[in-house]
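For reference, the structure is listed below as C-alpha cells.
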Amino acid sequence: MTNALVLDGKATALQIRKEIEQDTTAWKQGGGPTPTLAAVLVGDDPASQVYVRNKERACVSVGLASQLFRKPHATTTEELLDLLNTLNCDAEIHGILVQLPLPAHIDTQAVLDAVHPLKDVDAFAPENVGLLVQGRPRFLPCTPHGVLQILARYQLPVAGKHVVVVGRSDIVGKPLANMLLQKDVGLGPDFANATVTICHSRTANMAEIVRSADVVVAAVGQPELITTEMVSPGAIVIDVGINRVDSRLVGDVDYPGLSAIARAITPVPGGIGPLTIAMLLSNTLKACRLQNDAVKALATRD
Ligand code: NDP
C-alpha cells in the first residue's frame with residue numbers, strides 16, 4: 001500500500017519546460033538570439049548517447065537550439081581543449097555541455113575547467129562553484145536544482161528542517177548541500193535555510209544519522225542502500241540514484257518499503273532525472289541572457 005505522496009518528476013519537469021518555452025519565445029520575440037547548447041560527446045558509450053540525444057530533443061522542444069560535437073574515443077585531451085576553445089569563442093554557442101564520463105585517458109578535470117564560466121550550464125567551473133558557496137549563484141547545478149524545484153513545486157519547505165544528503169560528489173551531493181544551507185538561492189527562503197548533514201562512504205553510524213532526518217536525499221549509486229529501518233516515518237525521501245538492475249532502472253532507496261512510511265517520495269524513473277534535463281534548459285536560456293547582457297555592457301562602454 002502506498003501512503004506516501006509520490007512526487008511526480010515527469011509532470012513537474014513538463015510544467016517547468018512549458019515555462020521555459022514561454023520565456024524563450026518571449027526572449028526571441030524581443031530580438032534575443034536563439035539560445036544554443038553545444039553538447040560534446042566523446043566515444044560510443046550507449047548510455048551517454050541516450051542522455052545526449054534526450055538533452056538535444058529537450059532543447060528543441062522548448063525552442064532552444066542544440067549542436068552535437070561528436071568525437072571518437074581516441075580523441076586526446078589537447079584536441080578536446082582545442083574544441084572547447086573554439087566553442088568558448090563562438091558567439092552563437094551559449095551553453096557547453098561535456099557529457100560525462102569521458103574516456104579514461106582524457107584529463108576530465110582539465111576539460112571541465114576549460115569551459116568558459118558564462119557558458120558553464122552544468123555549473124562545474126570553479127568560479128561558478130565559488131559563487132554558489134558564497135550564496136550568489138550564477139548558474140544552479142542541474143540535479144541539485146531539480147531536487148529543490150520538486151520540493152518547491154509540491155510546497156515541501158526545507159527551512160529549519162534537518163536534511164541528510166547521502167553522497168558527496170561534486171555533481172550532486174556537495175552542491176546540493178551547499179544550496180540547502182544558503183539563505184535563498186532564488187526559490188525563496190523556505191527552500192533553503194536547512195540544517196544539513198552530508199554522509200559518505202566513511203560516515204560512521206549512517207543509519208542513526210539518516211533516521212534523524214526530516215528530509216533524506218540519496219545520491220550514491222547503490223540500489224536500496226537506504227532501507228525502511230533507516231528512515232523515520234513521515235520523512236520526505238528524494239532518490240537521485242539511477243542504477244540498472246536486470247535491465248530495470250532503480251534508485252538508491254527501498255521504494256516499495258519507504259512508500260509505505262514516508263510522507264513523500266520520488267520514484268525512479270520519473271523522479272529527479274527529468275528535472276535535471278529541465279534545469280539544463282533553464283541554464284541554457286540564462287547563459288544566453290547573461291552573454292547578451294555582457295556584450296551590451298561592452299558595447300555601451302566603447
Ligand atoms: P558518485 O559515484 O560520484 O558519488 C557517490 C557518493 O556516494 C560518494 O560521495 C560516495 O562516498 C558515496 N557513497 C558510496 N557508497 C556509500 C555508502 N555505502 N554509504 C554512504 N555513501 C556512499 O555519484 P554521483 O553523485 O555522480 O551520482 C550518484 C547517483 O545519482 C548515481 O546513481 C547516478 O547515476 C545518479 N545521478 C542521477 C542524476 C539524475 O539526473 N537523476 C544525475 C546525476 C547522478 P565517497 O565520496 O566517500 O566515495
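The values are calculated or read from the model by the stated rules, or taken from the named source; none is laboratory data. Nothing here was measured: the structure is a model prediction, and the numbers come from that model. Neighbour counts run over all protein chains shown; Cβ positions are idealised from the backbone, glycine included. Ligands, DNA and RNA are stripped out before the accessible areas are found, and what is left, the full protein with its side chains, is counted by its heavy atoms. Shrake-Rupley method; radii C 1.70, N 1.55, O 1.52, S 1.80 Å.
Structure notes:
- Residues that are among the aliphatic types (A, V, I, L, M), assigned to a helix (DSSP H, G or I) and surrounded by 13 or more Cβ atoms within 10 Å (Cβ to Cβ), drawn from segment 59-111: Leu80, Leu81, Leu83, Leu84, Leu87, Ala110, Val111
- Note on segment 208-238: among residues that are in a helix (DSSP H, G or I) and open to solvent by less than 40 Å² (accessible area, probe 1.4 Å), the one that is farthest from Pro175 (Cα to Cα) is Thr228.
- Residue check for Asn205: polar (S, T, N, Q) and open to solvent by 10 Å² or more (accessible area, probe 1.4 Å): yes
- Subset of segment 210-222 (residues that are farther than 21 Å from Ile150 by Cβ and not hydroxyl-bearing (Ser, Thr, Tyr)): Arg211, Gln222
Okay, residues lined up against (1) in a loop (DSSP other than H, G, I, E, B); (2) open to solvent by 60 Å² or more (accessible area, probe 1.4 Å):
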site: Gly135; (1), (2): yes, no
site: Leu140; (1), (2): yes, no
site: Pro144; (1), (2): no, no
site: Gln155; (1), (2): yes, yes
site: Ala159; (1), (2): yes, no
site: Ser201; (1), (2): yes, yes
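- Selection over segment 24-56 of residues that are open to solvent by 70 Å² or more (accessible area, probe 1.4 Å) and in contact (Cβ under 8 Å) with a residue 12 or more places away in the chain gives a count of 3.
- Residue in segment 57-76 that is in contact with a strand residue (DSSP E or B) (Cβ under 7 Å, 6 or more places away or on another chain), aliphatic (A, V, I, L, M) and touching a residue at least 60 places away in the same chain (Cβ under 8 Å) present: yes
- Of Val216, Val220, Val237, Val253, all but one fail to be closer than 27 Å to Leu140 by Cβ and near the ligand (Cβ under 9 Å from one of its atoms); the exception is Val220.
- The lone exception for Arg301 - which of (1) of a type in the set (Lys, Arg); (2) over 26 Å from Pro33 (Cα atoms); (3) not assigned by TED's automatic domain parsing to the domain that holds Ile242 it fails: (2)
- Only a single criterion out of (1) in contact with a helix residue (DSSP H, G or I) (Cβ under 6 Å, 6 or more places away or on another chain); (2) closer than 16 Å to Leu7 by Cα; (3) buried (at least 19 other Cβ atoms within 10 Å of the Cβ) is not satisfied by Gly270, namely (3).
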